[in-house]
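Since the structure comes first, as structure tokens, the remarks are kept for the end.
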Amino acid sequence: MKKIAVIGLGYVGLPLAAAFGEKREIIGFDINKKRIAELKDGVDFTREVSREELAAASGLSFTDNLEGIRDCQIYIVTVPTPIDEFKTPDLTPLVKASETVGKVLKQGDIVIYESTVYPGATEEVCVPVLEKVSGLAFNKDFFAGYSPERINPGDKEHRVTSIMKVTSGSTPDIADEVDALYASVITAGTHKASSIKVAEAAKVIENTQRDLNIALMNELSMIFSRLKIDTHEVLAAAGTKWNFLPFKPGLVGGHCIGVDPYYLTHKAQAIGYHPEIILSGRRVNDNMGPYAAAELVKAMIKAGHTVASSRVLVMGLTFKENCPDLRNTRVIDVIRELEDFGCSVDVTDCWADNAEAEHEYGISLVESPKPGDYDALFLAVPHREYAGKPSKELRAYLKDNGVLFDLKGVLPLGEADLRL
Ligand SMILES: NC(=O)c1ccc[n+]([C@@H]2O[C@H](COP(=O)([O-])OP(=O)(O)OC[C@H]3O[C@@H](n4cnc5c(N)ncnc54)[C@H](O)[C@@H]3O)[C@@H](O)[C@H]2O)c1
């Protein structure tokens with residue numbers, strides 16, 4: 001049986017490595033030494049894989065040393081694919097990981113990429129790096145595959161093995177081999193795409209479609225706010241039609257939905273097409289933080305609060321609920337806008353790591369906010385610990401006449417003063 005190495009043990013790489021590790025020998029490689037040391041101790045800070053699951057993955061071992069992956073025949077690359085400050089793809093981690101694999105690449109090896117990219121990136125960017133560093137020829141000496149990941153961090157129902165997986169390979173035989181490899185662990189089955197580019201495009205449009213659907217809900221929410229009708233009530237009514245899609249308004253953060261569309265638009269622009277709909281959705285979604293802050297400020301003024309000296313409690317900083325991931329959280333836009341209005345903002349989050357919040361955003365999380373202390377409470381991220389509270393417990397943090405903004409509409413109708 002071929003030996004596998006997974007390159008990059010984050011939200012995507014670790015659960016995948018653990019799934020294979022239950023069935024066969026697999027080595028997890030990461031440049032982050034601290035991450036490797038923690039995993040060797042059975043600790044996954046992302047909370048995606050439990051200590052018990054790590055122990056059950058008896059074929060899985062970890063290394064931060066190149067020598068540890070030299071004798072593998074299949075390399076699966078799961079490193080980040082962020083955007084830079086100009087919102088263009090930053091392929092540095094992917095190139096660096098390809099250089100790493102290139103150093104150990106041998107005759108007959110297969111390199112499968114899982115990171116989300118634009119159509120063409122695997123063959124146009126990664127494969128040339130592999131060829132250059134290894135001195136081997138593509139589709140003669142070594143082969144490539146692409147199989148995008150679809151996991152949803154924090155979601156304990158849709159896990160790597162229970163989500164159908166798209167696979168592809170650089171030749172028909174390799175496509176079959178890649179497909180069979182994943183089919184051996186993915187209980188939900190696999191879908192073999194006709195080419196690597198098709199598989200790459202499939203992933204990036206899944207998230208682009210989601211981004212656009214949320215943008216539509218956000219635009220509707222802004223219209224309905226002016227019409228003084230509740231968006232969630234409208235959605236509940238419209239949702240009784242069989243083909244009305246159940247999207248909700250909200251902030252679009254994280255490193256997938258708010259990022260991946262830029263990979264597609266970047267490639268589109270490179271080939272002379274200027275996307276209008278995709279970028280317009282991005283604009284709407286990127287503007288939701290300042291919009292929500294302004295709505296809160298209006299409500300505070302109406303309730304008689306002096307905004308410039310007000311105290312606001314923001315509950316939840318991570319990019320989504322029940323997940324410790326702080327990267328690209330758009331809650332920060334709300335906080336910065338409120339601060340711009342002169343509000344003094346406290347942030348609490350029972351899932352986030354205080355040191356990371358401090359390091360990334362200069363925010364020192366408040367562990368136990370004081371009851372009766374705040375002019376407004378902005379329930380940004382409804383972690384189960386917050387969404388499970390009766391609204392009167394949330395209101396206990398507020399002064400008399402304080403404003404409760406339930407961003408995602410998780411509280412029963414009428415219990416918050418505002419929602420999107
Ligand atoms: N997190 C998600 O929900 C999700 C879902 C589907 C797809 N994806 C995609 O999967 C890819 C990985 O995302 P993630 O969330 O797991 O990222 P992550 O940041 O959680 O993990 C990436 C890991 O790769 C390591 N790494 C970085 N450069 C490396 C290198 N050169 N060599 C070895 N290791 C290296 C990092 O130390 C980190 O541990 C991205 O393309 C992302 O868009 C993510």
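Side notes on the structure shown:
- Within the range 110-129, the set of residues being more than 11 Å from the ligand (Cβ to nearest atom) and outside any helix (DSSP H, G or I) comprises Ile110, Val111, Ile112, Tyr118, Pro119, Gly120.
- With respect to (1) of a type outside the set (Val, Ile, Thr); (2) touching a residue at least 40 places away in the same chain (Cβ under 8 Å); (3) surrounded by 20 or more Cβ atoms within 10 Å (Cβ to Cβ), the lone exception for Leu413 is condition (3).
- Restricting attention to the range 92-109, the residues that are near the ligand (Cβ under 10 Å from one of its atoms) and either exposed (fewer than 15 other Cβ atoms within 10 Å of the Cβ) or more than 21 Å from Arg24 (Cα to Cα) (or both) total 9.
- For the range 149-165, taking the residues that are assigned to a loop (DSSP other than H, G, I, E, B) and within 14 Å of Phe20 (Cβ to Cβ), the one that is nearest to the ligand (Cβ to nearest atom) is identified as Glu149.
- Residue in the range 60-77 that is in a loop (DSSP other than H, G, I, E, B), within 10 Å of the ligand (Cβ to nearest atom) and on the phi < 0 side of the Ramachandran plot present: yes
- Verdict on Leu235 being more than 16 Å from the ligand (Cβ to nearest atom) and either of a type in the set (Asp, Glu) or modelled with pLDDT of 95 or more (or both): yes
- Boolean, Val178 is under 18 Å from Ser115 (Cα atoms), surrounded by fewer than 16 Cβ atoms within 10 Å (Cβ to Cβ) and more than 16 Å from the ligand (Cβ to nearest atom): no
- Residue in the range 127-161 that is farthest from Asn207 (Cα to Cα), counting only those that are touching a Ser or Thr at 6+ places or on another chain (Cβ under 9 Å) and of a type in the set (S, T, N, Q): Asn139
- Tallying residues that are surrounded by fewer than 20 Cβ atoms within 10 Å (Cβ to Cβ), without any contact (Cβ under 8 Å) to a residue 60 or more places away in the chain and either closer than 14 Å to Ser61 by Cβ or near the ligand (Cβ under 10 Å from one of its atoms) (or both) within the range 32-48 yields 8.
- Flag for His274 being at pLDDT 95 or above, in a loop (DSSP other than H, G, I, E, B) and in contact with an Asp or Glu (Cβ under 6 Å, 6 or more places away or on another chain): no
The values are calculated or read from the model by the stated rules, or taken from the named source; none is laboratory data. Being a predicted model, the structure only gives us computed values, none of them experimental. We place every Cβ from the backbone using ideal geometry, glycine too, and count neighbours over all the protein chains shown.
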